[in-house]
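I have placed the structure first, in the form of structure tokens, so that the comments after it can refer back to it.
The values are calculated or read from the model by the stated rules, or taken from the named source; none is laboratory data. Keep in mind the model is a prediction, meaning the values are calculated, not measured. Every residue, glycine among them, receives a Cβ derived from its backbone with ideal geometry; neighbour counts consider all protein chains shown. Protein only, heavy atoms only, side chains kept; ligands, DNA and RNA dropped before computing areas. Shrake-Rupley method; radii C 1.70, N 1.55, O 1.52, S 1.80 Å.
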Amino acid sequence: TRVDGGFRFSGRWSFSSGCDHASWVFLGGLVLGDDGNPVDFRTFLLPLSDYKIEDVWDTVGLRGTGSNDILVDDVFVPEYRTLSFVDTGKCVCPGQEVNTGPLYKLPFASVFSYSIAAPVVGMATGAYESHVSYMAERVRASYGNKAAEDPYSQVRVAEAASDIDAAWLQLERNIGEEYALATNGEKIPV
């Protein structure tokens with residue numbers, strides 16, 4: 001809730017990876033208007049003294065991530081420790097006034113989306129290369145020939161290569177176009 005100089009902030013956030021090792025936390029939250037409807041979505045930066053960690057991460061795998069719950073109970077967060085997602089989309093954030101390079105003129109949604117998509121396409125590339133390498137040496141016992149010589153397998157491998165190539169080209173073209181606009185000082189369509 002917006003108050004003079006900032007916000008009153010409460011809530012629970014699950015699966016907060018790395019929280020056991022941090023002394024500050026970024027949390028997302030809806031800002032509600034007088035009618036109770038959302039008017040903005042913001043990121044809030046809180047020191048450890050403003051939140052509690054509830055240990056709920058009882059897992060065998062990924063135990064080290066410490067993805068416990070964060071609990072916040074009616075704390076004041078000053079305006080300067082928040083960031084509006086509306087502003088990140090319009091590229092009118094305070095940091096963009098100080099950091100004038102083209103990278104800082106890109107909308108957050110683009111940077112975030114590509115930072116997630118690129119490793120995924122990279123994983124697909126690695127899986128493809130491992131598969132092709134393995135199949136080149138594999139001999140099928142039932143037929144006595146190399147698996148790589150199977151025409152049906154070759155079609156599937158070619159389709160996968162095409163999909164991966166198209167994904168890389170699309171990623172590079174999209175971010176390249178946005179970066180070129182930012183470099184030239186042009187507005188990036190949102």
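The table below lists the values:
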{"item": "Candidates 25, 39, 31, filtered to the one that is under 18 Å from residue 86 (Cβ atoms) and open to solvent by less than 30 Å² (accessible area, probe 1.4 Å)", "result": "31"}
{"item": "Region 55-65 - residue that is modelled with pLDDT under 85 and open to solvent by less than 80 Å² (accessible area, probe 1.4 Å) and, of those, nearest to the chain's Cα centre (by Cα)", "result": "64"}
{"item": "Selection from region 78-90 of residues that are exposed (fewer than 14 other Cβ atoms within 10 Å of the Cβ) and not in a helix (DSSP H, G or I)", "result": "78"}
{"item": "Residue list for region 1-23, filter: among the polar types (S, T, N, Q) and assigned to a strand (DSSP E or B)", "result": "10, 14, 16"}
{"item": "Within region 122-155, considering residues that are touching an Asp or Glu at 6+ places or on another chain (Cβ under 9 Å) and charged (D, E, K, R), the one nearest to residue 172 (Cα to Cα)", "result": "146"}
{"item": "Qualifying residue in region 168-185 (condition: of a type in the set (Ser, Thr, Tyr) and under 34 Å from the mean Cα position of the chain (by Cα))", "result": "yes"}
{"item": "Of residues in region 1-57 being in contact (Cβ under 8 Å) with a residue 60 or more places away in the chain and not charged (D, E, K, R), the one farthest from residue 79 (Cα to Cα)", "result": "11"}
